[in-house]
Amino acid sequence: MKILQLRVGMVGTNCYIVFDEESKLGAVIDPGDNAKEIVQAAEHEGVKLAWVLLTHGHFDHILAVHDVQQMTGAKLAIHKDDLWMLQPEKLAKSMRSFGLSRAGYEALTPDILAEEGTEIAIGGLTATYLHTPGHTPGSSCIRINDVLFTGDTLFRHECGRCDLEGGDFPTMLRSLKRLSEIPENLHVLPGHEGASTLDEERRMNPYIRQAVGR
């Protein structure tokens, strides 16, 4: 497995291209903007993007989805509880909460409405959805091998905000507790800022410590 990281869009979202080095089939996780740059990065590695995998439905994680799909034919997956966020009016509202706007956004139609445990094959890799609501109702982490793509659920020593529509802090704490109970020391690749590990977050993240009662 190889992972490429791009920083895209208006608020510096981490977008990841993950691919199976043998089959050269890949997925893009959270294409928040800059579709051309994302597709060119995949093409530079000789990768066919078969999937767009979303951790949740906020604008800064989905703005490039339509164009990436148009350029590559990739299929789309998002947790079923965030389907409502893919409509233009909801995206516009999400952007307004940051004082931003964009015209011409098109509604998205997922090929898979993921649930807890949904598995998606990417060549020889398997991406597994872990439902971790709190930031949004459908917020999910996506596990591939020993890497956990945490979207806006878990950041390095932080967690995602819960004050936007659909957010809920007690639910977030339950999700963080769930992540803290994963026995392995997985690599954590979040939706913003720098990487971490689960062991580091168990030690250093005040929200995880609150979630587990320490």
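Rounded to the nearest 0.05, what FRET efficiency is calculated for Ala92 and Phe169 with R0 set to 25 Å and r the Cβ-Cβ distance?
According to the calculation, E is roughly 0.50.
Please compute the modelled spin-label separation between Leu83 and Glu158, points set 7 Å along Cα→Cβ, answer in nm with one decimal.
It works out to 3.2 nm between the two label points.
Whole-Å semi-axes of the chain's equivalent ellipsoid, largest first, each the root of 5 times a Cα gyration tensor eigenvalue?
25, 21, 15
Which entries in the list Lys2/Lys93; Lys2/Lys177; Lys2/Lys75 go over 24 Å, if you measure between the two C-alpha atoms of each?
Correct reply: Lys2/Lys93; Lys2/Lys177.
Using a 1.4 Å probe, what is the accessible area per residue for region 1-154, in Å²?
So region 1-154 comes to 39 Å² accessible per residue, rounded to a whole number.
What part of the accessible area of the chain, given as a whole %, is carbon or sulfur when the probe is 1.4 angstrom?
Its accessible area is 47 percent carbon and sulfur atoms.
Along the Cα→Cβ direction, 7 angstrom out, place labels at Met1 and Glu181. What is the inter-label distance in nm?
It is 2.3 nm.
Looking at region 17-95, what % of its DSSP beta bridges pair antiparallel, to the nearest 5?
25 percent
What distance in nm lies between label points placed 7 Å from Cα along the C-beta direction at Ala121 and Leu100?
Here the modelled spin labels are 3.6 nm apart.
Sum -39500 (n - 2.57) across every DSSP H segment of at least 4 residues in the chain, then divide by the residue count to get the 222 nm mean residue ellipticity, nearest 500.
-7000 deg cm²/dmol
Taking 0.36 nm per residue of separation and subtracting the Cα-Cα distance, what length does fully extending Ser23 through His44 add?
Answer, rounded to one decimal: 6.0 nm.
Which order do the peptides 125-134, 108-117, 53-62 take when ranked by the mean count of other beta-carbon atoms within 10 Å per residue, highest first?
So the peptides 125-134, 108-117, 53-62, ranked by packing, come out 53-62, 125-134, 108-117.
Which distance in Å, rounded to a whole number, links the C-alpha centroids of region 87-150 and region 172-214?
Between the Cα centres of region 87-150 and region 172-214 lies a distance of 19 Å.
The values are calculated or read from the model by the stated rules, or taken from the named source; none is laboratory data. Since the model is a prediction, treat every value here as computed from it, not as a measurement. Cβ sites come from the backbone with ideal geometry, for glycine too, and all protein chains shown count toward neighbours. For the accessible areas, the whole protein counts, side chains as well, though only heavy atoms, and no ligand, DNA or RNA atoms are used. Shrake-Rupley method; radii C 1.70, N 1.55, O 1.52, S 1.80 Å.
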